[in-house]
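Each remark here refers to the structure printed beneath this line.
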Amino acid sequence: MSKIIIIGAGVVGSSIARELARYNADVLVLESANDVACGTSKANSGIVHAGFDAKPNTLKAKFNILGNAMFDRLSVELDFPFKRIGAMVLCFDEKDYPALEELYHKGEANGVKGLEILPGDKARELEPHISKEVVAVLRAPSSGIVGPYEMTIAFAENACVNGVEFLFNKKVTNVRKAEDMVVECADGTSYHADMVINCAGVFADEINNMACDKKMQIVARKGEYMLLDKTNGYLASHTLFQLPTKMGKGILVSPTTHGNILIGPTAHDMLDKENVSTTVDGLNEVYKMASMSVPELNKRMVITQFSGLRAHNVDGDFVIGESEVKGFYNVAGIESPGLTSAPAIGDYVAKDVAKIMNLESNPNFVPVREGIKQFSTMDDTQRAEIIKKNPLYGKVVCRCEVVTEGEIVDSINRPLGAKDLDGVKRRTRAGMGRCQSGFCTSRIMEILSRELGKDMTKITKFGGKSNVVIGRVKQ
Amino acid sequence: MIEKNLIIIGGGPAGLAAAKSAYDSGERDILILERENTLGGILNQCIHNGFGLHTFKEELTGPEYANRYVQQVLARNIEYKLGATVISVTNDKVITCVSEADGLVKYHAKAIILACGCRERPRGGINIAGSRCAGVFSAGTAQKLVNIDGYMVGKEVVILGSGDIGLIMARRMTFEGAKVKAVVELMPYSSGLNRNIVQCLKDFDIPLMFSHTVVDIKGKDRVESVVIAQVDEKLQPIMSTAQEIKCDTLLLSVGLLPENELAKFANVQLSNVTGGGVVDDKMMTNVEGIFQCGNVLHVHDLVDFVSEESELAGKCAVDYINNGKTESDYVELQTSGGVRYVVPQKISRKVDTGELKLKMRVANVFKNRRLVVEVDGEEIFSKKRPVVAPGEMETITLKADQLDKVSKGQSVVVCLKEV
Ligand SMILES: Cc1cc2nc3c(=O)[nH]c(=O)nc-3n(C[C@H](O)[C@H](O)[C@H](O)COP(=O)(O)OP(=O)(O)OC[C@H]3O[C@@H](n4cnc5c(N)ncnc54)[C@H](O)[C@@H]3O)c2cc1C
Ligand SMILES: Cc1cc2nc3c(=O)[nH]c(=O)nc-3n(C[C@H](O)[C@H](O)[C@H](O)COP(=O)(O)OP(=O)(O)OC[C@H]3O[C@@H](n4cnc5c(N)ncnc54)[C@H](O)[C@@H]3O)c2cc1C
């Protein structure tokens, strides 16, 4: 059987893996982190862009529009959170009105449906908390929001049950062409394949440059965010962008699929591609700019901050296709709208690779995946029923998000299950609420320790040396 | 639906004291719902000495103090459920509770006492920038890992915030062989008890740096260092004073917040100063028959005061079950001149509890002041205080004859004045 290696288990690698599972091939995903969705796919705005922002006739525009249209079906098929809530681009100054119209026309050229320009007062009827300064908005009803890591995990799980193999803590250090393609990892192992697909996010240039003479350069551009408590969810019902001006691209204010409010991101180029720390200046900028859109924002309601790195290709567009080296395929420079595009990229790349390699379709492919049953969103009848079936659903572990032991055990034991605290958090939301895991950390560590048969001192926050405790206390 | 006269949510010191006192006031149909597997609340992890000096006139550890109340509840055969988490409360007093043993159960109660305690303010709540690596804990989480679970959280520690839990953890970590390099406090004073500063820091030569904060956390997998800096009068960091301290652990003791998610479901009015409910002198909230006491109402410095306040709530809840709501005319208490809040926030004219205790916290450290209660500009109470500080709760006891001077429509102000 043909062998395919995918480097990187972000949303792009995972989507391609899932689509390739539709064919008879031996697919292996190599990921340097301890879990899927540990790179950019876990820290972004989570917007399913309508597509008015992308430059017409680029890959970004094409995959954005195609991807956006796939979300309604896909989110049901793979059971991940998605809501088509619409977006508004806020214009604060009459002088910038032409730029708003230009955006409208760009959207039309890209094929975005339902766009309309509304005067400020009309916009405030729909969004009562936006600033009095807003003079007009561009409204895009087809914009949506998605749980980015839930989506990535869903792709990966579905790929896994359909036979794709995932290996973690496999940092690729070399890719070379011999008789077939050889992929070498930092731990000394190496793997052979007929086709290598590079989905390494901000490191996709390094992977490309290992295999190809035609070099690539990807700049990591950091975006910082703040997340507000759910009680502030009433502040916005659309994703609220600011009209890009000479002052910059602006900061968005958006609901998340779980009802929090997200504000951000900044945009600063980084030399260190692993640096996802937040900064005082960055967070101040986020707060100040976001308050221009929604003046009522209150810093005291912030429950956490984070940042992600855009994989910005200096040439501007996505790079998708087999490189000059046969058997080496790039899916690189996938910055925003990468999340939106991921389903369409997965579909396109799998079909393209299948054609190149003459793959036959896999008759046993199961497209449907069922997620973890979420206690917090059930009604009381469903709750009573599930506790009867599995009493662990009666034990609430995370108070703030009302996550039960039943869900945590499921998150650990399902295909590609959680292995660390962050893994449990992203799969169940335990620890994501207002207390940010103050109460449940030790309980979740105990459950991980019990289910994985691992000592408490070996339990990590996110793999590597991120151990939570360092040993026993003195006796 | 199961009918009960009184349901108490939370089996910590507040819930236990309320239950005991409700029983002693004649009520027999009482149920305590507690989500943990033991009674006693947060005290179970506070294994240090210093509890109970007021109540029992002796120094007990947290678990010992809790156990005194647990024994009193057991002796009275008061019904309680463990591992039972209340997930909602409505304003018509329907409680939804889930547990492994009983599944989902709905109760209806004539009166409810919310005694759910508090939680710690997390890192996100104070916007510290930096790496999101392992090794950053709230002090209470570290306290649980060390004291209950028996695991060390780190070797070299910096503590941000000088709240009591942080101070106590500085000593605890030192006992366990860790090096506590500094306690860093944003304000020019501590929010903890003075006795804890002496016994937990001074006795171990741990530096306490006022008007400083953490501006960066460094480290890839686990904390490798933190950067601290002095702050100006507006509490903004002065970056030229930044210094890096090598450490593997950062503990945060930056404030406690009443756990009021359930109260919100029931439309209980909350104070944006205390974060707890707005109550009258019978500890009743704006929702008839729903009472609050302990840390869910306002964060206490000493558990003795929690017990005292909760005994009052228990007694008043029984009074409500038997006689309904007897009072409707309230006088709202106002604060000024450095008093940040006062609990209760409103009092009824007829006070059948005899004397009335007002509890309050001040907004800053003040020297040589008087705590004063004024009715329409006339002082009805005054008490000299050489020093008052935000970390220590102040109490005023008003006698019946002083209260007689208060009637509807008057303005009652609690304030600090120069001596
Ligand atoms: C601030 C910000 C906001 C954004 N907002 C949006 C948005 O609202 N809507 C939208 O559509 N898109 C958005 N995006 C873009 C979107 O998040 C990305 O396009 C998408 O997540 C990229 O996915 P990926 O799989 O390519 O990258 P990643 O998720 O980074 O995955 C790459 C993976 O490769 C692994 N890897 C790297 N090097 C190696 C190696 N040597 N060996 C093995 N594994 C390796 C990494 O560990 C990582 O898991 C945003 C991006 C940023 C940064
Ligand atoms: C981490 C921490 C450390 C502390 N250390 C000290 C100290 O060293 N010294 C000191 O004097 N004071 C300390 N305090 C303050 C101390 O908590 C109080 O003095 C006292 O314990 C408060 O009593 P309580 O009953 O109001 O709250 P708690 O003791 O917190 O009890 C509340 C109880 O309610 C339960 N509960 C809450 N919600 C629900 C629900 N929905 N369903 C069922 N049950 C529920 C909780 O599980 C808990 O057992 C500390 C507080 C904290 C948070």
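The values are calculated or read from the model by the stated rules, or taken from the named source; none is laboratory data. Since the structure is predicted, the reported quantities are computational estimates derived from the model, not experimental observations. Reconstructed Cβ throughout: ideal geometry from the backbone, glycine too, with neighbour counts over all protein chains shown.
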**Fill in**
Residue hits (the range A:313-326; part of a loop (DSSP other than H, G, I, E, B) and crowded, with 19+ Cβ neighbours inside 10 Å) are A:Phe318, A:Ser323
**Subset of the range B:221-254 [assigned to a loop (DSSP other than H, G, I, E, B) and surrounded by 16 or more Cβ atoms within 10 Å (Cβ to Cβ)]** = B:Asp221, B:Val223, B:Glu224, B:Cys247, B:Asp248, B:Ser253, B:Val254
**Asked** Which residue pairs have Cβ atoms closer than 7 Å, lie 6 or more positions apart in sequence or on different chains, and pair a first residue in the range A:20-43 that is within 18 Å of A:Asp420 (Cβ to Cβ) and modelled with pLDDT of 95 or more with a second residue that is more than 10 Å from ligand 1 (Cβ to nearest atom) and of a type in the set (Val, Ile, Thr)?
**Response** A:Val36/A:Ile153; A:Ala37/A:Ile153
**Request:** Kindly provide the set of residues from the range B:362-378 that are without any contact (Cβ under 8 Å) to a residue 60 or more places away in the chain and farther than 10 Å from B:Val414 by Cα, ordered by number.
**Result:** B:Val362, B:Ala363, B:Phe366, B:Lys367, B:Asn368, B:Arg369, B:Arg370, B:Asp376, B:Gly377, B:Glu378
**Matching entry among A:Val402, A:Val424, A:Val396 (being farther than 22 Å from A:Phe166 by Cα and in contact with a helix residue (DSSP H, G or I) (Cβ under 7 Å, 6 or more places away or on another chain))** = A:Val402
**Message:** With the requirement that a residue be farther than 19 Å from B:Thr141 by Cα and within 7 Å of ligand 2 (Cβ to nearest atom), what does the range B:51-65 give you?
**Reply:** B:Phe51
**Complete:** Looking across the range B:101-137 at residues that are under 21 Å from the mean Cα position of the chain (by Cα) and within 7 Å of chain A (Cβ to nearest Cβ), the single one that is modelled with the lowest pLDDT is B:Gly125
**Prompt:** If we only count strands (runs of 3 or more DSSP E) wholly inside the range B:89-175, which ones have 1 or more residues that are at positive phi?
**Reply:** B:103-114
**Asked** What are the residue pairs meeting all of these: first residue in the range B:330-343, first residue surrounded by fewer than 15 Cβ atoms within 10 Å (Cβ to Cβ), second residue part of a loop (DSSP other than H, G, I, E, B) and modelled with pLDDT under 90, Cβ atoms under 7 Å, and 6 or more apart or on different chains?
**Response** B:Gln334/B:Ser411
**Message:** For the range A:416-475, give me each residue that is of a type in the set (S, T, N, Q), at the interface with chain B (Cβ under 10 Å from one of its Cβ atoms) and either farther than 29 Å from A:Asn232 by Cβ or not in a loop (DSSP other than H, G, I, E, B) (or both).
**Reply:** A:Thr441, A:Ser442, A:Thr457, A:Thr460, A:Ser466, A:Asn467, A:Gln475
**Message:** For the range A:157-202, give me each residue that is touching an Asp or Glu at 6+ places or on another chain (Cβ under 9 Å) and assigned to a helix (DSSP H, G or I).
**Reply:** A:Asn158, A:Ala159, A:Val202
**Prompt:** What number of residues within the range B:160-204 satisfy the criterion of being more than 22 Å from the chain's Cα centre (by Cα) and among the polar types (S, T, N, Q)?
**Reply:** 1
**Request:** Considering only residues that are within 15 Å of ligand 2 (Cβ to nearest atom) and out of contact with any Ser or Thr (no Cβ under 8 Å at 6 or more places or on another chain), look in the range B:115-139 and name the one that is farthest from B:Arg35 (Cα to Cα).
**Result:** B:Gly125
**Fill in**
Taking the range B:300-309 and keeping only residues that are surrounded by fewer than 21 Cβ atoms within 10 Å (Cβ to Cβ), of a type in the set (A, V, I, L, M, F, W, C) and within 7 Å of ligand 2 (Cβ to nearest atom), one is left with B:Leu302
**Prompt:** A:Asn358: within 13 Å of chain B (Cβ to nearest Cβ), surrounded by fewer than 19 Cβ atoms within 10 Å (Cβ to Cβ) and more than 16 Å from ligand 2 (Cβ to nearest atom), yes or no?
**Reply:** no
**Message:** So, in the range B:260-306, exactly how many residues are touching a Gly at 6+ places or on another chain (Cβ under 6 Å) and part of a loop (DSSP other than H, G, I, E, B)?
**Reply:** 4
**Item:** Selected residue (only one of A:Phe375, A:Phe318 is within 16 Å of ligand 2 (Cβ to nearest atom) and either in contact (Cβ under 8 Å) with a residue 60 or more places away in the chain or within 14 Å of another protein chain (Cβ to nearest Cβ) (or both))
**Value:** A:Phe375
**Message:** Is it the case, given these coordinates, that B:Leu257 is assigned to a helix (DSSP H, G or I) and either touching a residue at least 60 places away in the same chain (Cβ under 8 Å) or on the phi < 0 side of the Ramachandran plot (or both)?
**Reply:** no
**Asked** How many residues, within the range A:28-44, are in contact with a Ser or Thr (Cβ under 9 Å, 6 or more places away or on another chain) and outside any loop (DSSP other than H, G, I, E, B)?
**Response** 3
**Fill in**
The number of residues in the range B:39-65 that are within 14 Å of chain A (Cβ to nearest Cβ) and either within 16 Å of ligand 1 (Cβ to nearest atom) or surrounded by fewer than 18 Cβ atoms within 10 Å (Cβ to Cβ) (or both) is 1
**Request:** Mind telling me which of the residues B:Ala84, B:Ala75 ends up being on the phi < 0 side of the Ramachandran plot and either within 16 Å of ligand 1 (Cβ to nearest atom) or in contact with a Gly (Cβ under 9 Å, 6 or more places away or on another chain) (or both)?
**Result:** B:Ala84
**Fill in**
Within the range B:364-403, residues being assigned to a loop (DSSP other than H, G, I, E, B) and surrounded by 13 or more Cβ atoms within 10 Å (Cβ to Cβ) number 8
**Item:** Residue satisfying condition, being facing chain A (nearest Cβ under 7 Å), among the small types (Gly, Ala, Ser), touching a strand residue (DSSP E or B) at 6+ places or on another chain (Cβ under 6 Å) and buried (at least 24 other Cβ atoms within 10 Å of the Cβ), within set B:Gly140, B:Gly83, B:Gly166
**Value:** B:Gly140
**Request:** Return a yes/no flag: does the range B:146-157 have any residue that is away from chain A (no Cβ under 11 Å) and either of a type outside the set (D, E, K, R) or farther than 30 Å from A:Met226 by Cα (or both).
**Result:** yes
**Residues that are within 16 Å of A:Pro337 (Cα to Cα) and in contact with a Lys or Arg (Cβ under 8 Å, 6 or more places away or on another chain), drawn from the range A:107-145** = A:Ser142, A:Ser143, A:Gly144, A:Ile145
**Prompt:** Could we say that A:Ala123 is among the small types (Gly, Ala, Ser), surrounded by 22 or more Cβ atoms within 10 Å (Cβ to Cβ) and on the phi < 0 side of the Ramachandran plot here?
**Reply:** yes
**Message:** Suppose we keep only residues that are outside any loop (DSSP other than H, G, I, E, B) and touching a helix residue (DSSP H, G or I) at 6+ places or on another chain (Cβ under 8 Å) within the range A:378-390. Which one would you say is farthest from the other protein chains (Cβ to nearest Cβ)?
**Reply:** A:Ile386
